[in-house]
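Structure record follows, encoded as C-alpha cells.
The values are calculated or read from the model by the stated rules, or taken from the named source; none is laboratory data. The structure presented is a predicted model; accordingly, all values stated were derived computationally and were not measured. Glycine also receives a Cβ, built like all others from the backbone with ideal geometry; neighbour counts cover every protein chain displayed.
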Amino acid sequence: MTSMWQWVEDAAAAVRERSGDVPEVAVVLGSGLGDFADAPTDSVSVPYAELPHWPTSSVPGHAGQLVCGNVAGKRVAVLAGRVHFYEGHDLHTVVFATRVMARIGVKNIILTNAAGGINAAFAEGTLMVIDDHINLLGSNPLIGPNDDGFGPRFPDMTEVYSKRLRAMADATGEAKALPVMHGIYAAMHGPSYETPAEVRFLRTIGADAVGMSTAPEAIAARHMGMQVLGISCITNMAAGMRKPLNHAEVMETARRVRGSFISLLEGIIERI
Ligand code: HPA
C-alpha cells in the first residue's frame, strides 16, 4: 500500500462523513464554469481546506469547494475548483480528488474545462463533448509504483470517454435544442498558451481543442473503473486563429455560456 492510498482513504472518510448518500455522479468544474456549484439543492459545501491532504488551487476562477446535493433527482458531488500541472503540482496530486470520488463509490465523473478551439467549425462559446484525448503533458498520473487497490498497472484506454455518456450528452442537446459538437482534446502543460506553430501541429495530429487539464483526471478515473464524460467550453479560438489570448476572455466566454452549460449538465445528470 502506498502513502497515496492512505491519503485518499483519509480524505474519502472525511468526505463520507459530510456528503450524505454516495453521489451517483461527480462533476469537476473548469475555469469560469463555477456557477454550476449553485445548482445542487439540499446541499452541503465543504471547503477543500477542511479535507485532509486535499490540494487547493491558486488560479482565479477555481473556487475550491466540494458541494454535495441533488440535481435533477440525483445525488451529485460538484468539485468547484481543480489543481493543474502548471501550478507545480505533480500529477498524483492533480488526480487526488478524482481518486477520492472513486473511493467513496462514485461511478460516473463529468470533467469540464475551458479550451481553445482548433477545429475551424467551432466558435467562442461552442460546447464540445470530448470523444478522446491526446495527452501531451509529457507525463502520466500513473507513473510510479502501481497501487493495485486503485487499478491495474497497464489500464486500457480504448474508450476513456464513455460512449454511453456521450450519447446522453447528444440526447440532451437535441431535447433542449443546445448545439453540441464533438472532438479530440489535446492536453498541453501550459501555463503559457500555445504558439500558432503548436496549434498547427495540434491540428495536424488530430486535435479539435486544446487545454491544460482533464486528461490526467480522465486517466486516473479510468484506472479506477469510473465512467467518464468530458465537456469542453470553447472559450476562445486557439492561438494564431483570431487574436491574442488572455485569461479574462476565457472567463468572460465561460460566463456567457453558463446558462446552456448548466442546462446541458442538468439534462445529462437526469439521464444518468
Ligand atoms: N489553450 C490552452 N488552454 C486553454 C485555452 C487555449 O487556447 N483556452 C482556455 N484554456
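What to note about this one:
- Here Gly81 fulfils each of the conditions (1) crowded, with 22+ Cβ neighbours inside 10 Å; (2) closer than 23 Å to Arg255 by Cβ; (3) touching a Lys or Arg at 6+ places or on another chain (Cβ under 9 Å) apart from (3).
- Residue under evaluation Ser139, criteria (1) away from the ligand (no atom under 16 Å from the Cβ); (2) among the small types (Gly, Ala, Ser); (3) in contact with a Lys or Arg (Cβ under 9 Å, 6 or more places away or on another chain), criterion not met: (3)
- Test: residue in segment 166-181 that is within 16 Å of the ligand (Cβ to nearest atom) and either closer than 22 Å to Gly206 by Cβ or under 20 Å from the mean Cα position of the chain (by Cα) (or both): yes
- Any chance Pro40 is more than 15 Å from the chain's Cα centre (by Cα), buried (at least 24 other Cβ atoms within 10 Å of the Cβ) and not hydrophobic (A, V, I, L, M, F, W, C): no
- Condition broken by Arg153, with the remaining ones in (1) surrounded by fewer than 17 Cβ atoms within 10 Å (Cβ to Cβ); (2) touching a strand residue (DSSP E or B) at 6+ places or on another chain (Cβ under 9 Å) satisfied: (2)
- Of the residues making up segment 86-130, just one is within 12 Å of the ligand (Cβ to nearest atom), among the aromatic types (Phe, Trp, Tyr) and within 16 Å of Ser213 (Cβ to Cβ), namely Tyr86.
- Matching residues, segment 201-230, being in contact with a helix residue (DSSP H, G or I) (Cβ under 7 Å, 6 or more places away or on another chain) and either more than 27 Å from Phe96 (Cβ to Cβ) or of a type in the set (A, V, I, L, M, F, W, C) (or both): Val210, Met212, Ala220, Ala221, Met224, Met226, Val228, Leu229
- Counting only strands (runs of 3 or more DSSP E) that sit completely within segment 41-116, those holding 1 or more residues that are in contact (Cβ under 8 Å) with a residue 40 or more places away in the chain correspond to 65-71, 74-80.
- Summed over segment 105-131, the residues that are farther than 21 Å from Ala197 by Cα and surrounded by fewer than 18 Cβ atoms within 10 Å (Cβ to Cβ) give a count of 4.
- Any chance Ile269 is in contact with a strand residue (DSSP E or B) (Cβ under 7 Å, 6 or more places away or on another chain), assigned to a strand (DSSP E or B) and at pLDDT 95 or above: no
- Among the residues of segment 149-196, those that are more than 16 Å from Ile110 (Cβ to Cβ), without any contact (Cβ under 8 Å) to a residue 60 or more places away in the chain and not in a loop (DSSP other than H, G, I, E, B) comprise Glu174, Ile184, Ala187, Pro196.
- Filtered by the rule that a residue be in contact with a helix residue (DSSP H, G or I) (Cβ under 7 Å, 6 or more places away or on another chain) and charged (D, E, K, R), segment 83-120 gives Arg99, Arg103.
- In segment 229-272, the residues that are away from the ligand (no atom under 12 Å from the Cβ), surrounded by fewer than 24 Cβ atoms within 10 Å (Cβ to Cβ) and either within 20 Å of Ala207 (Cα to Cα) or of a type in the set (Lys, Arg) (or both): Arg255, Arg256, Arg258, Arg271
- Restricting segment 198-223 to residues that are in contact (Cβ under 8 Å) with a residue 12 or more places away in the chain, in a helix (DSSP H, G or I) and away from the ligand (no atom under 14 Å from the Cβ), the residue that is nearest to Leu137 (Cα to Cα) is Pro216.
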